[in-house]
Every structure is written in structure tokens, then in C-alpha cells.
Amino acid sequence: MIFKELCIYFKKYKFITSIIYLQITLFLILLGAFYSFFDALNYNEDGMKDIYEGKAVYQLIDNYCEGDKFEEFISHPDALERIRDFYVGLDTADHFKYLAISDQRIGINKKNIPQIMSAGYEQGKEYPDSKINGQTYKFIKSVQLNQQAFNFFKLDVSHGRIWTNEDFKDQGNTIPVLLGDSYKNVYEIGDELNISYIGKEINAKVIGFLKSNSKIFYNEDTEFYLDRYILLPFFKYNDPVSKEDSNFQFFSYYMLINGYVVTDNETPKIRNMMEEIEVLSQITSFKEYSFIGANPHLKQYHCLMMTIQENSKLVKCFFMISTGLNLFLLSLLLYLQQKRRLSSYAIHYMQGATKFSIIRQQWLEISIIMLLSFITYFIILDQIFKLGNYKLHGILFMLLFIMSLILSCISSYQLLHRPLVYYLSNNEEMGDRIC
């Protein structure tokens with residue numbers, strides 16, 4: 001009986017129910033999209049506050065690239081020891097954090113790597129393949145981080161595991177690598193890679209995939225996204241066993257020493273940082289260095305923070321107005337539609353229908369439309385656009401459930417607390433013509 005009544009209702013009022021269905025669906029998509037936007041804004045704002053607020057950041061650069069200084073430096077028999085000790089001193093300093101970051105491209109011998117992963121793709125550059133021991137390597141984008149940099153940017157994975165302390169030690173065999181989110185369809189966790197890094201063949205193993213849109217702040221880029229990158233850990237190497245190994249370690253450490261120094265933005269602590277680095281340079285005989293671009297990221301950080309805050313206020317204002325207007329129109333539309341149905345409910349009541357069955361009938365008419373709208377919203381937002389989360393979906397589902405109860409109770413209250421003649425005297429056909 002109930003199913004038959006519902007079929008009659010939806011067939012008779014198919015136009016107005018279709019309008020209500022579309023209105024609810026658009027309302028849910030609007031709420032879900034705004035929620036995702038605010039969540040992203042808060043993530044960026046809170047993330048940058050955690051990273052840069054109250055911090056002084058300096059970029060350290062060596063001066064051996066000037067003139068013949070580099071050739072002179074590498075001609076010393078203890079050049080590797082000097083540069084290694086200087087890096088280790090930076091990495092274990094007491095008065096600051098040292099972030100070693102490099103985007104040195106790596107070679108990989110897998111042939112079906114998407115072109116967007118290639119090194120220089122965004123700049124329109126194309127690096128020729130390299131051949132080592134008969135193997136052909138294609139150059140792709142890569143970022144190398146030491147443990148302090150990895151922890152500083154709070155990188156995390158969506159699948160697999162993150163690096164542990166042991167992963168930043170030279171195990172002498174296979175190194176663990178993290179892949180950007182775009183690699184999910186290329187590799188799987190546990191896959192082993194054969195890569196070429198600074199001319200040396202290295203075995204690597206995939207241990208995890210970074211969360212989508214993971215980013216660091218590098219080369220004055222406040223949003224250096226890692227989705228298309230392979231991440232390698234920087235660590236202190238064991239003693240070299242050959243001339244080739246010695247050269248590899250030297251150039252690897254050479255990239256490590258051009259990193260970022262981070263300390264609290266207080267004059268005494270900044271002074272202690274500079275004094276400690278100067279003492280370290282004298283002890284290790286690595287004297288050609290300088291600081292450039294004091295706090296290179298902070299100007300962009302403050303500008304970006306202001307942009308986020310201004311956009312947040314504007315979007316919140318628009319969100320509140322549009323949400324309030326949509327909610328009012330939706331409630332009014334549902335209320336008027338149910339009010340038109342009161343004469344039918346009155347007839348059912350006179351024919352012996354119970355109060356509970358009338359309330360249930362009203363609730364089903366409303367909730368079925370809302371359920372179909374919710375399913376459509378979920379498919380569009382979650383499955384197609386990959387926005388929102390299950391917490392948001394649960395909240396919106398409960399919102400629709402409560403709205404359906406409130407609207408059905410209001411209509412039922414009107415029906416049961418007024419004379420039935422009042423509703424039977426209404427001309428429902430006039431309402432039909434309006435629709």
C-alpha cells in the first residue's frame with residue numbers, strides 16, 4: 001500500500017519533485033565543495049604557521065664555484081673528508097636545524113614512465129638518455145632530503161610507510177624511496193628499482209606513496225609539489241671502497257652543503273648559529289661559504305598568508321549567504337509541497353489511517369528525494385572530483401535526515417491540530433495547474 005501511494009505521488013508530482021531533487025543535490029555539492037576549500041585553506045595556513053612562524057631561515061651556499069676555487073679544493077687529498085665533516089657538523093649542530101635539499105635528477109631504466117615525470121618537463125627541456133654498463137637510463141624528477149628536512153616539512157604517506165631513523169643510515173645495499181602520488185599507477189609498494197644517481201647504479205625499493213599535493217618550500221618556491229617526484233634519503237655514507245665510490249660521495253656531499261639553516265628568530269640565537277657555523281668551517285677547513293637571501297621564504301610566506309586570509313573571509317561570506325539562501329528556498333519549497341498534500345492526508349485520515357502512518361508517508365516522500373540527491377552528490381563529489389571525506393558525508397547525511405523529520409513533523413502537526421474540513425475545502429487542482 002505504501003509503495004503504491006509513493007508511486008502515485010512521484011508520478012503525479014514528477015516535475016516539482018525533480019526540481020526539489022536538483023535543488024537538494026546542488027545544495028549538497030555546494031556545501032561539500034566549500035567544506036573542501038576551507039579544509040585546504042586551513043591546511044595551508046596551519047601548515048605554514050607550524051613551519052615558518054617565529055623562525056629565521058638562511059640559505060647556505062659554498063663559494064668554491066667562483067673562478068678556480070673548485071679545482072683547487074678538489075685537488076686536496078682530504079677534500080672528501082673536509083666536505084663530509086662540514087656536512088656532518090651542520091647536520092648535528094646544537095643551535096640550528098640544517099635542511100639539506102636537492103632536486104638532482106636521477107636515471108631509471110623502466111621504459112613506461114609517463115612523460116610528465118621526466119626531468120625538465122615543465123620547463124620544456126629534454127635530457128638525453130644515459131647508458132651505464134649497457135643499461136639505458138631515462139632522467140626523471142627526483143628530490144633528495146636529509147632527515148631534518150623530511151621531519152621539518154612533516155611529510156606523510158597515504159600508502160605504505162614513511163622513512164624511519166634506520167632509513168637514513170648507509171645500509172650498503174638497497175635504499176628505501178618514497179614516490180609522489182602520481183606514481184600510484186606506475187609502481188606498487190615493494191617494487192624494486194634500478195636507478196642511476198650521480199653516475200652510480202643504485203638499487204632502490206618503494207616503501208610508500210606520499211599524500212596527494214605533498215609539498216615543500218624549496219628554491220624560493222613556497223609550493224614545490226612532490227606528486228611527480230621520487231624522493232631519496234640523504235645520509236652519511238660509509239667509507240668509500242674505490243676511487244669511483246669516493247668521487248660519488250664527494251659530489252653527493254657537495255650538494256648537501258647548499259641547504260637551509262633554520263633557527264628561532266631571535267638575535268642571540270641567530271648569532272649563536274652563525275658563530276657555530278664559523279667555528280665548524282675553521283675546524284673542517286671548509287672556509288668558503290656565505291649566507292644569501294636572508295629568510296628567503298618569509299616574504300612569500302607572509303604574502304601567501306595574507307592572500308589565504310583575505311580569500312578565506314571573502315569565501316566564508318559568500319558561503320554563508322548562499323548556504324542560508326539555499327537552505328531557506330529548499331525548506332520553503334518542501335514545506336509548500338507538503339502543505340499541498342494535506343488534503344490527501346486528510347482523506348487518508350478519515351478513511352482510517354493512523355497518525356503514525358500519515359507521518360511515515362510524509363517522511364518517506366521527503367526522505368526518498370533527499371536520499372537520491374545524497375547518492376548523486378556522493379558520486380559527483382567523492383567518486384568523480386575526489387573531494388570531501390567520510391566525516392563530511394556523514395554530517396550532510398544527518399543534516400538531510402533531520403530536515404526530513406522536521407518538515408514532516410510540521411506538516412503532520414498542521415494536519416492533526418486543525419479541522420479536517422479546512423484541508424478538504426482547499427482546491428488542490430488549482431495547485432496542480434500552478435505546477
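Miscellaneous remarks
- Considering the stretch 193-219, and only residues there that are without any contact (Cβ under 8 Å) to a residue 40 or more places away in the chain and over 26 Å from the mean Cα position of the chain (by Cα), the residue that is nearest to S158 (Cα to Cα) turns out to be N203.
- Residue pairs meeting the criteria (Cβ under 8 Å; at least 6 apart or on separate chains; first outside any strand (DSSP E or B), in the stretch 55-80; second buried (at least 19 other Cβ atoms within 10 Å of the Cβ) and polar (S, T, N, Q)): L80/Q249
- When residues of the stretch 110-158 are limited to those that are part of a strand (DSSP E or B), in contact (Cβ under 8 Å) with a residue 60 or more places away in the chain and not polar (S, T, N, Q), the one surrounded by the fewest Cβ atoms within 10 Å (Cβ to Cβ): I132
- Single condition Y64 does not satisfy, out of (1) surrounded by 18 or more Cβ atoms within 10 Å (Cβ to Cβ); (2) modelled with pLDDT of 85 or more; (3) not assigned by TED's automatic domain parsing to the domain that holds I321: (2)
- Just one of the listed residues (I277, I308) is more than 19 Å from S408 (Cβ to Cβ), modelled with pLDDT under 70 and β-branched (V, I, T), namely I308.
- Enumeration of residues in the stretch 323-343 that are at pLDDT below 75 and among the small types (G, A, S): S343
- Exactly one residue among Y349, Y377 is hydroxyl-bearing (S, T, Y) and either at pLDDT below 80 or outside any helix (DSSP H, G or I) (or both), and that residue is Y349.
- Check on F168, under 30 Å from N265 (Cα atoms) and modelled with pLDDT under 90: no
- Being surrounded by fewer than 19 Cβ atoms within 10 Å (Cβ to Cβ) and in a strand (DSSP E or B) holds for only one residue in F224, F209, F217, and it is F224.
- All positions within the stretch 165-175 that are under 21 Å from Y197 (Cβ atoms) and either out of contact with any strand residue (DSSP E or B) (no Cβ under 7 Å at 6 or more places or on another chain) or in a loop (DSSP other than H, G, I, E, B) (or both): E166, K169, D170, Q171, G172, N173
- Checked against the criteria, E188 counts as charged (D, E, K, R) and modelled with pLDDT of 90 or more.
The values are calculated or read from the model by the stated rules, or taken from the named source; none is laboratory data. What you see is a predicted model; the values in this text were computed from it and never measured. In this analysis, Cβ positions are derived from the backbone assuming ideal geometry, glycine residues included, and neighbour counts consider all displayed protein chains.
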